[in-house]
Amino acid sequence: MIRVAHAVKTFGNKKALNDISFTAGEGQIVGMLGTNGAGKSTALKAIAGLTRLDSGQITIDSKSPCLETRGMLTYLPDVDVWYPWMTLSDAMGFMKDMYWDWDDQKARHLLDFFELTTAASIRQASKGTRAKMKLLLALSRQAKYLLMDEPFSGIDPFARQQIAQAIVEDFMEEGQTILITTHELSEVEVMLDEVLFMHEGSLLLTGHVETLKQERNQSLMEILKEVYDHARV
């Protein structure tokens, strides 16, 4: 389980995380939703051990983020992190050397699904193709926790829902927990169990997606719009 308790992080005079608390249980797909600048990426980086909190606590299976916990999770950032001279084959080889849980069979499946070739150059790839490369590299591990920061950025709208569904049906390991950030809802709603709605560093709404929809007799988009409009008043 990932547990975040009273997390605070400030950059200059901006509070990126304002005393937020939540948990992500085993086997859940949790959507961290909100506009740009809501604090979603900062929260993921803190869980991944890449950003240190000013106060509060994060535990991953009761351990604070450290080298040991980094081996338990895959972090897919919202920016390119691979050397531009690499081919996809180079990047796959790097990941295989770095992580014991790399799954060659899963990688081949993803190559076919995304219609990628291992000889493809990262430098010459389109933004959409690079996004698919990043997804392949993240999903080909058997990590217990998968942190995905804006994974569909650059992918055309027609492919987004297909990829989201494929993550759930074909590529998610049993018991794997996924935290996914996005400011767009339509592509991920089909895959979410839990939702965390953030605005200006604060957590405005948490809950099980279907329970929230039934209790309020509203779509998830209507619920989030109502909460967002209330926060801006």
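The values are calculated or read from the model by the stated rules, or taken from the named source; none is laboratory data. Predicted model, so just to flag it, every value in this text is computed and none were measured. Every residue, glycine as well, gets a Cβ built from its backbone with ideal geometry; the counts of neighbours run over all protein chains shown. SASA here: full protein model, heavy atoms, side chains in, ligands and nucleic acids out. Shrake-Rupley method; radii C 1.70, N 1.55, O 1.52, S 1.80 Å.
List of remarks:
- Residue ID - modelled with the lowest pLDDT, chosen from residues in the range 42-68 that are in a loop (DSSP other than H, G, I, E, B) and under 17 Å from THR177 (Cβ atoms): PRO65
- A single entry from ASP90, ASP78 fulfils the requirement of being in contact with a helix residue (DSSP H, G or I) (Cβ under 8 Å, 6 or more places away or on another chain), of a type in the set (Asp, Glu) and farther than 22 Å from VAL227 by Cα: ASP78.
- Taking each residue of the range 1-17 that is small (Gly, Ala, Ser) and looking for partners that are in a strand (DSSP E or B) with beta-carbon atoms closer than 6 Å, six or more apart or interchain, yields ALA5/SER21; ALA5/GLY56; ALA5/GLN57; ALA7/LEU17; ALA7/ILE20; ALA7/GLY56; ALA16/LYS9.
- Of all residues making up the range 113-128, the number that are on the phi > 0 side of the Ramachandran plot and surrounded by 14 or more Cβ atoms within 10 Å (Cβ to Cβ): 0
- Pairs where the first residue, in the range 199-221, is within 19 Å of THR182 (Cβ to Cβ) and in a strand (DSSP E or B) and the second is modelled with pLDDT of 95 or more and open to solvent by 50 Å² or more (accessible area, probe 1.4 Å), C-beta under 7 Å, 6+ apart: SER202/ASN18
- Restricting LYS14, LYS63, LYS9 to residues that are crowded, with 16+ Cβ neighbours inside 10 Å, among the basic types (Lys, Arg) and farther than 30 Å from ALA120 by Cα narrows the list to LYS9.
- Condition met for THR181 (open to solvent by less than 70 Å² (accessible area, probe 1.4 Å), among the hydroxyl-bearing types (Ser, Thr, Tyr) and not in a helix (DSSP H, G or I)): yes
- Just one of the listed residues (GLU187, GLU173, GLU169) is over 30 Å from LYS14 (Cα atoms) and either modelled with pLDDT of 95 or more or not in a helix (DSSP H, G or I) (or both), and it is GLU173.
- Selected residue (criterion: farthest from LEU192 (Cα to Cα)) from residues of the range 129-168 that are surrounded by fewer than 21 Cβ atoms within 10 Å (Cβ to Cβ) and of a type in the set (Ser, Thr, Tyr): THR129
- The set of residues in the range 19-39 that are part of a strand (DSSP E or B) and touching a Lys or Arg at 6+ places or on another chain (Cβ under 9 Å) comprises SER21, PHE22, THR23, ALA24, MET32, LEU33.
- A single entry from THR118, THR129 fulfils the requirement of being in a helix (DSSP H, G or I), more than 15 Å from ILE178 (Cα to Cα) and not acidic (Asp, Glu): THR129.
- Any hit, the range 132-145, residues being within 26 Å of LYS9 (Cα to Cα) and in contact with a Leu (Cβ under 8 Å, 6 or more places away or on another chain): yes
- Residue within the range 95-112 that is under 27 Å from HIS199 (Cα atoms), open to solvent by 20 Å² or more (accessible area, probe 1.4 Å), out of contact with any strand residue (DSSP E or B) (no Cβ under 9 Å at 6 or more places or on another chain) and touching a residue at least 12 places away in the same chain (Cβ under 8 Å) present: no
- A Cβ distance below 8 Å, combined with a sequence gap of six or more or placement on separate chains, defines the contacts here; from the range 46-64, residues that are touching a residue at least 60 places away in the same chain (Cβ under 8 Å) and of a type in the set (Asp, Glu) reach residues that are surrounded by fewer than 17 Cβ atoms within 10 Å (Cβ to Cβ) and assigned to a loop (DSSP other than H, G, I, E, B) in the pairs ASP61/MET1; ASP61/MET72.
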